1. How would you classify the stretch B:7-83 from its alpha-carbon gyration tensor, with a ≥ b ≥ c the square roots of the eigenvalues: rounded for a/c under 1.5, else prolate if a/b is greater than b/c, otherwise oblate?
2. Quick one: 3J(HN,Hα) in Hz for the stretch B:314-322, Karplus 6.51/-1.76/1.60 with θ = phi - 60°, rounded, Gly and Pro as x.
3. So if I place +1 on the C-beta of Lys and Arg and -1 on the C-beta of Asp and Glu, and nothing else carries charge, what would the dipole magnitude of chain A be about its Cα centre? I want it in debye, nearest 20.
4. Given the DSSP H assignment, sum -39500 (n - 2.57) over each helix run of at least 4 residues in chain A and divide by its residue total; what's the result at 222 nm in deg cm²/dmol, nearest 500?
5. Label A:Ser568 and A:Val552 with points 7 Å out from Cα along Cα→Cβ: what is the distance between them in nm?
6. Taking amide H atoms as placed 1.01 Å from N in the peptide plane, list the residues 5 or more away in sequence, or in a different chain, whose amide H sits under 5 Å from that of B:Gly210.
7. Under 8 Å for C-alpha pairs, at least 6 residues apart: give me the relative contact order for the stretch B:155-238, rounded to a whole percent.
8. Could you work out Rg/(2.2 N^0.38 Å) for the stretch B:192-265, with Rg from alpha carbons only?
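Every read-out reported here was derived from the displayed coordinates using simple, explicitly stated rules and does not represent laboratory data. Keep in mind it's a predicted model, so treat the numbers as computed, not measured. As a convention, Cβ positions derive from the backbone with ideal geometry for all residues, glycine included, and neighbour counts pool all protein chains shown.
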Amino acid sequence: MIELAMVPVFLPLATFGVLAVLWPLRHSGMPAAWLSVASALASCVAAILAWTGAPVAGEPAQGMVFDWLVHDGKTIAEVGFRLDAISAPMLVVVTFVAACVQVYSLGYMAHEPRPALGRYFAWHSLFIVAMSGMVLAPNMLQFLACWELVGLCSYLLIGFYWDKPSAGRAAVKAVWVTRFADIGLMSGVVLLYVTTGGFAFEMTGDSGAATLVAALLFCGVMGKSAQVPLHVWLPDAMEGPTPVSALLHAATMVAAGVFLVVRAWPIFEAAPPVLTAMTWIGAVTALVAACTALVQHDIKKVLAYSTCSQLGYMVAALGTGSFFGGYFHLTTHAFFKALLFLAAGSVIHAVGTNDLREMGGLAKKTKLTAGLFILGALALAGVPPLSGFFSKDLVLEELLHAHAYGPLLICLAAAGLTAFYMTRVVCMAFLGPASARSLEAHESPPVMLLPMGALALTAAVAGFTTGRFGNDVALAPWHFAVTAPGVAALLLALGGIALAYMKYGQGKLAGLGVPALAAFIRSGPVDGLFVRGWQQGLRPLAGVVGWVDRYVVDGAVNLFGWAALVGSERMRVLQSGKLRDATYLLVMGALVVVAWGAIGGVR
Amino acid sequence: MPWLSITVLAPLLAAAILLLVPSSSRGTTRVLSAAASLVSLWGAIEVSLAYNLHEGGLQLRETLPLVPSLGINWDLAVDGWGVSLLLLTGLILFAGVFATWTLDDRDKDFYILLLTLVAGVLGVFVSLDLFVFFLFYEIAVLPMYLLIGIWGSTKKIEIKGPFAFALRRLDVGGREYAAMKLTLMLLIGSAFILVGIFALYQGGGARDFGMLHLAEHPLSREAQLWVFPALWLGFGSLAGVFPFHTWSPDGHASAPTAVSMLHAGVLMKLGAFGVMRVGMVLCPEGAVAWAPIVGAVAVINVVYGALGAMSQTDLKYVIAYSSVSHMGVVMLGAATLDTDGWNGAVFQMFAHGLMTGLFFALVGLVYGRAHDREIFRMGGFAKAMPGVAVFFTLAGLSSLGMPGFAGFIAEFLVFLGAWRSGNVVWALAGIVGAWVTAVYVLRAVRAIFWGEGPPERYHHLSDAKGTEWVALVLLGGCLIVFGCWPRLVLDAIDVGTSMHLPVVLQAVKPELAL
């Protein structure tokens, strides 16, 4: 099976290599796109086949490794593949969503210039390589390397419209913030090596060291998985094409942080303080991001903050001491959030704007898109029997079992808000009177609807497929429905839907909401802190260094140069060549020597 | 075949023949230079293939007595480090010759000096005799004065402030100023080196310039405690060690493309190589005693250089300061006195050489077309020069330590070594420095290549063409190949480290002695 698992790495790699080197093919546009799509689909099939034959929990992993780094003639790091109960399902999720998104892009990006289209698909292929390489990583070093490469793909794809200044800013910002967090991740990996002598996903013995490593690794998780306050890059990342947002910034890449915790579970498990911190950070993120999503006008920004919020759920769940809930929610979220983004893309495609206020009444024009979006929204809101219900329920249940009542309450509140803001979007975009733009809207082509349908199917039924998701507890699907937090979450979600429908669908409840607060949240207070840090911290510091270097360090050098120059000019006067001057100097010199001798003699 | 002599002497021979070629025959000049660089590159590849990694140690030795009474010999041999650095020099030279293919002004003289310089560089990496080592070192350093003074570029800068009268007097910003500053600062360094070499020659009683003899007759601990810093500062001035780095931004900014490529790409490595191979290996006790200082200064280099690069708006200065920062990583690795740290230091010499060579080739292309170096006046250049944009991004990614590029392996190994040797602060500073690098490199890429544009005044922009691609593809390709498959050179470097590091460590820890 390991050979099959290697397909999602090597096939897209070959595609990327061909597209990178053969520029005529890349510039041809559609042929390049089809090549990339074909390799993505083949990768997906291979991943599913590999998953069916993969070891289940408790069975030894299948693997293949090659030596990579040496030290005194001995290997200290390997690269390779490791297929086990944890990596196999994630591989399926990644390749399946990637394949759906690539097929969708055939329609969504069809109007791009041909070379740009080729570039777009080349980077998508590279993304599958990096992501699969990360999922299958046999050790922390390869994980780190692929993690950074995934970040590179994110940079390139956010900046796909590189001639647009805002896209450039967003791309650079994403790298700055995530790599800032990676200072922690990198330190964690180095410390892992220093304490254990290798890069394995486990530490034995010293729990103090494990706590430190886990805390450092979690810094990286906070950046990549957009936990408050390092979430500021994710909403900006929506500058990329919408399919990119669906794949990277909703379904797979941002979930990499969550996957890191699952993958390195033996380390995190040995670090209870870090787990406790995770529950709280995750819960706070879930609530803060949900509140922010409430007030956004841009449909993609709503979804972006929603992604933040859901990532908060996953992190909170991981903090309870069991990785199953977080991992399960990652999986279902990948399906329904990718669906939501693709449907949003279809809406944007139809009306030509991201602004919710310019939409409305689209349900009549784009029936299928509306239906698929609403399905995704219900799954996200946690309405049974869609997948989001089961996974969110499990998250809450784990929080209850861990006696994390504070985070549990916060997450319950966020669940209500989630239902509220999704209903708000549905009402503003699809219901109500049609806007001027909506009147000219048209349904998307089948090449875009089909992958959305595939995702809708998985978003609907993924809740029933708990068996093979890396768990060591057998969980029956209906086990969830009877728990108290599940019922509470469902009631809150229904309440949220009802409230939002009354406010945005029927125009009642005008007094609901605080405009000043909404404006404050919309202004991005956390973002402001980062801007200030850059404007008043790092940039002036660099300026000071530049000044010191020019005027102090280099100033000393120039002082020497200038002194030599001017001093030699003054000294030159002595060498006038005139006999009178020479005699004068001779006599004076003799006097000095005599005086010196006399003083010496006295002493 | 005496591959080492062939590799070293081919450029010298070509330079000698070029003296006889009339200056009007441009074709002959170029073909001859390219041929010589190809022979050197080929020789370097032959050496790396011939070097037996299982045996390790010094190989391919060629000995010829020069002045037996003083113990001076033509004594060439290569160790694992030499293998990788010869390869680097061959690559950069080959790329550099093609990067200046279109030079018009006194091109014959230019190539003569360039080839002479490279022969010096190659010689340093394989000399076992300190006298010949130093000779080659000076051969590598001195032509720089003429290369910058004649073919360099002058930048009109606005001189103001209380010391403007002095700066104007020095003609700051001019190419003569840059050439003079670089040469004088490096020669002061050479004076320190010379003192160190004489001390080694006399002090231990070896009375021989052979490094192997000198290693058998080590200096007393007291002597090492002052000889090592002399060698560190002497060689360090060429490696851009703070605060003796200020020749580098001015020098690299004024130098013509191929000279910047070679200077930042390989010459600065001579300094670092000298500190490790001569300073640390021949004065182990001094090295151990001074390592905390060396490392602390290297940390300043890394962070200060990166912040300095961020404060610059001139493209060449940005890249020059980034070299100061990255050479700090080399010195940081050296100061760890750890296997991973040393492997990383030498790998960083290799990786940084490729990267900065590529950077300066690209800077030359951009400057040659835009006639401007102010990055924040540019914008949207990717539209007119997509190829240059791609390769600039590749070099930038290697520079900020993106996995898959050679720079990552080097920096990561140095961080491992630093932390492992107990210097957690060094490792953290290095990691933070890599982040600052990401900030300024991506900022520069965006300012130059992304965005709307290009502005009106840059209407002559065009992509790289013809021979200019050679340098870009060769160096960019190598960055990726060695980044994905580091063992191509890491194995050799590791063999070199396994040979030299125990010498240093056993001086202080007798239990490590064989």
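1. Verdict is oblate for the stretch B:7-83.
2. Once θ is set to phi - 60°, the couplings for the stretch B:314-322 become 8, 3, 5, 5, 4, 5, 5, 5, 5 Hz.
3. 1740
4. Result for chain A: -23000 deg cm²/dmol, rounded to the nearest 500.
5. 3.0
6. It is B:Leu130, by chain and number.
7. Taking the mean separation of contacting Cα pairs over the length of the stretch B:155-238, I get 31 percent.
8. 1.42
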